[in-house]
Amino acid sequence: MARKPMMAGNWKMNNTISEAVVLTQEISNHFEKDWGDSVDVVVCPPFVDLKPAKTVIDFDKMPIAVASQNVYFELKGAFTGETSVAMIREIGCAGSIVGHSERREYFGETNEDVNKKVKALVAADLYAIVCVGESLAVRESGEMIDFVCAQVRAAFAGVSVEDATTCVVAYEPIWAIGTGRTATPEQAEEVCAAIRATLAEMYGEEAAEAMRVLYGGSMNPGNVEALLAMPNIDGGLIGGAALKAASFIQLVEACL
Ligand SMILES: O=C[C@H](O)COP(=O)(O)O
């Protein structure tokens, strides 16, 4: 089955509102090819930048979705500092990243939290971009497939096939994030294929074939084509290379 590629830019904690407006406008200005319906392009700015970025995209009628980098699983109430699915939905977000390794490492996000966030998102008709990935120690122990597939099972525990198929999985080996040390296409493919096999165990072959598995970790215009050539890599979750309009557009166009 031909899956529609997705190229998602995770801006992490970069760009004030004014900077976000400039970057979004630059992405819009660099837009030359009509990517139409052949790739899903997503930008994931910090919370405060979501509305300004969405406003620029809507004004320019750009085929770009906006997603948040995180969301809380409770619907509302006394959860100081958190942001609900209703809040991001009203801004016009299509979904949210969940379980990014930086949130797992620095903010103590657990597999159980990730699962609750996936459930909160799909219940609000939003999708989750579920991040999984092993540390260097796990990679060197050779246990990365078991580790990552356990993260996938935990993230989707109790999620229906209908809801799961709206979601995306992003394989991001922690040792490749922001380090310039990209996984080789073969290393990335091995784990992405195992992720799809896990999804097939949970949801059946047809659903697993329909779900997108992205790679993230120092993806850039120089290595994107070799990674996208792998049969189980359906796009990218991009950090550093998404912070410049020209390189982000190059990554999008590599999907065409
Ligand atoms: O969410 C994005 C990833 O953490 C990849 O970041 P990076 O492209 O800067 O390595």
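Does the chain classify as rounded, prolate or oblate by the C-alpha gyration tensor (a ≥ b ≥ c root eigenvalues; a/c under 1.5 gives rounded; else a/b over b/c gives prolate, otherwise oblate)? Here the chain falls in the rounded category.
Taking chymotrypsin sites (Phe, Trp or Tyr not before Pro) across region 2-74, none is in a DSSP loop with at most 14 further Cβ atoms lying within 10 angstrom of its Cβ. Proximity of backbone amide H atoms, modeled 1.01 Å from N, is registered between residue 219 and 239 at under 5 Å, excluding neighbours fewer than 5 places apart on the same chain.
Computed from backbone phi with θ = phi - 60° and the Karplus coefficients 6.51, -1.76 and 1.60, the 3J(HN,Hα) list for region 117-125 is 5, 4, 5, 5, 5, 5, 5, 9, 6 Hz; x is used for glycine and proline. A Gaussian network model of the chain, with springs between Cα atoms under 10 Å, assigns the largest mean-square fluctuation among 161, 118, 152 to 161. Across region 143-156, rounded Karplus estimates of 3J(HN,Hα) from the backbone phi angles (6.51 cos²θ - 1.76 cosθ + 1.60, θ = phi - 60°) give 9, 5, 5, 4, 4, 5, 5, 5, 5, 5, 4, 5, 5, 9 Hz, Gly and Pro being marked x. Among the trypsin sites (Lys or Arg not before Pro) in region 159-256, those placed in a DSSP loop whose Cβ has at most 13 other Cβ atoms within 10 Å are 181.
Tell me, how many Å apart are the Cα centres for region 184-256 and for region 31-96? One Cα centre to the other: 21 Å.
On the accessible surface of region 6-253, probed at 1.4 Å, how many percent belong to carbon and sulfur atoms? Reported share for carbon and sulfur atoms: 54 percent. Computed 3J(HN,Hα) for region 6-22, one whole-Hz value per residue from the Karplus formula 6.51 cos²θ - 1.76 cosθ + 1.60 where θ = phi - 60°, is 10, 10, 10, x, 9, 6, 6, 8, 10, 5, 6, 4, 5, 5, 5, 5, 5, glycine and proline marked x.
Mean residue ellipticity at 222 nm, helices only, the chain: -13000 deg cm²/dmol; runs of at least 4 DSSP H residues each add -39,500 (n - 2.57), and the sum is divided by the number of residues. Cross-link partners of residue 12 among aspartates and glutamates, defined as those whose alpha carbon lies under 20 angstrom from its own and excluding same-chain residues fewer than eight positions apart: 26, 40, 49, 82, 102, 105, 109, 113, 134, 172.
For region 85-139, state which chymotrypsin sites (Phe, Trp or Tyr not before Pro) are in a DSSP loop and have at most 10 other beta carbons lying within 10 Å of their beta carbon. Walk me through the numbers before you get to the answer.
On the way: sites: 106, 107, 127; in loops: 107.
Here the chymotrypsin sites (Phe, Trp or Tyr not before Pro) that fit, given the DSSP loop and packing criteria, are 107.
Looking at region 6-253, the DSSP beta bridges with both ends there are about 0 percent antiparallel.
The values are calculated or read from the model by the stated rules, or taken from the named source; none is laboratory data. Keep in mind it's a predicted model, so treat the numbers as computed, not measured. With ideal geometry, Cβ positions are generated from the backbone for all residues, glycine too; neighbour counts draw on all protein chains shown. Note: areas computed on protein heavy atoms with side chains; ligands, DNA, RNA excluded. Shrake-Rupley method; radii C 1.70, N 1.55, O 1.52, S 1.80 Å.
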